[in-house]
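One structure follows; several queries about it will come next.
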Amino acid sequence: MEVYSANIRELCKRLLILTARSLGLRHDAFGDMFGEAVQAARMNYYPPCSRPDLVLGLSPHSDGSALTVLQQDAESVGLQILKDGTWVSVQPIPNALVINIGDTLEVLTNGRYKSVEHRVVTNRDRSRLSVVTIYAPSYEVELGPMPELVSKHEPPVYKKYTHGEYNRHYITNKLQGKKTLEFAKIHTSC
Ligand SMILES: O=C(O)CCC(=O)C(=O)O
Ligand SMILES: [Fe+2]
């Protein structure tokens, strides 16, 4: 687990470098601001369920992280993402990791990258196991759209707050689609 976690940490750092580059930012723009990044792993076990038509394994949500790295059970399909209003199953590919963009990256990129809404469905005959690692800035880091990604034509869509504040909000609210991200949105009335 220690070696796995260390490798996932390196992977997340690299992915954030590539993300920064894709947006025309300095390559270490995210790395510099994340501080001692928060990384946490959890294992989700979904037992077989006699009524998969009635029971979800995990309610629709987006992750609060910047990135989430997911290792799926090779034998059992369960993860679905919401794409253009339709739930699409993410077929497990042997030895492949799934990377989800979380709310924090949506905020930092002022919405250029969107966090993915996802859920887990159950199976009648099979159990399923997933190993999930979240990667996020240190709790005291102030978040908000990166100044380079804000302009007169692209005003900030999200306010400033610390990752600790967002985390508290996230864990004290129900999983309900992308509702937790409302916390970060600047609501304009016109
Ligand atoms: O089990 C999965 O494939 C997804 C789990 C998940 O979305 C989560 O733990 O946040
Ligand atoms: Fe998730």
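Filter the GluC sites (Glu not before Pro) in region 4-92 down to the DSSP loop ones having no more than 14 other Cβ atoms within 10 Å, then list what survives. Let's see the in-between values first.
Values: sites: Glu10, Glu36, Glu75; in loops: Glu36, Glu75.
Qualifying residues, ordered by number: Glu36, Glu75.
Within region 13-124, what whole-number % of the accessible surface is contributed by carbon and sulfur, with the 1.4 Å probe and all protein chains included in the calculation?
Details: 3000 of 5700 Å².
Ligands and nucleic acids excluded, carbon and sulfur give 53 percent.
On a 0 to 90° scale, report how tilted helix 2-22 is relative to the longest principal axis of the chain, with both axes built from alpha carbons and the result rounded to the nearest 10.
50 degrees
Also, quick follow-up: I'd like the Karplus ³J(HN,Hα) series for region 45-52: coefficients 6.51, -1.76, 1.60, θ = phi - 60°, whole numbers in Hz, and an x wherever there's a Gly or Pro.
Those phi angles translate into 10, 10, x, x, 9, 5, 10, x Hz.
From the backbone phi of region 124-129, what are the Karplus-calculated ³J(HN,Hα) couplings (6.51 cos²θ - 1.76 cosθ + 1.60, θ = phi - 60°) in whole Hz, Gly and Pro given as x?
5, 10, 10, 8, 8, 10
Based on the Cβ-Cβ distance from Val77 to Arg42, what FRET efficiency comes out when R0 is 22 Å, to the nearest 0.05?
On the way: r = 20 Å, r/R0 = 0.90.
The computed FRET efficiency comes out at 0.65.
Another one. Suppose we keep just the DSSP beta bridges with both residues in region 2-184; what percent of those would be antiparallel, to 5? Let's see the in-between values first.
Details: 30 of 31 bridges.
Of the beta bridges lying entirely in region 2-184, close to 95 percent run antiparallel.
Output the peptides 115-125, 52-62 sorted from most to least packed, where packing is the average of other Cβ atoms within 10 Å over each peptide's residues. It would help to have the intermediate numbers written out before the result.
On the way: 115-125: 18.0, 52-62: 15.5.
Highest-to-lowest ranking by the protection proxy: 115-125, 52-62.
Let me know the whole percent of all Cα-Cα pairs from region 2-184 that are separated by more than 25 Å. Write down the numbers at each step before the final one.
On the way: 5975 of 16653 pairs.
The calculated P(r) of region 2-184 puts 36 percent of pairs beyond 25 Å.
Suppose all protein chains stay in the model; what accessible area per residue would a 1.4 Å probe give for region 2-184, in Å²?
On the way: 9850 Å² over 183 residues.
Per-residue value: 54 Å².
If you take the C-alpha gyration tensor of region 1-108, multiply each eigenvalue by 5 and take the square root, what semi-axes do you get, largest first, in whole Å?
Working: eigenvalues 165, 57, 32 Å².
Semi-axes from the Cα gyration tensor: 29, 17, 13 Å.
Please tell me which of these pairs span more than 24 angstrom C-alpha to C-alpha: Lys114/Lys152; Lys114/Lys185; Lys83/Lys160; Lys83/Lys179?
On the way: Lys114/Lys152 21 Å; Lys114/Lys185 13 Å; Lys83/Lys160 28 Å; Lys83/Lys179 17 Å.
Flagged as over cut-off: Lys83/Lys160.
The values are calculated or read from the model by the stated rules, or taken from the named source; none is laboratory data. Just so we're clear, the structure is a prediction, and the values are computed from it rather than from any experiment. All Cβ positions, even for glycine, are placed from backbone atoms using ideal geometry, and neighbour counts span all protein chains on display. Remember, those area values only see protein heavy atoms, side chains included, never the ligands or the DNA or RNA. Shrake-Rupley method; radii C 1.70, N 1.55, O 1.52, S 1.80 Å.
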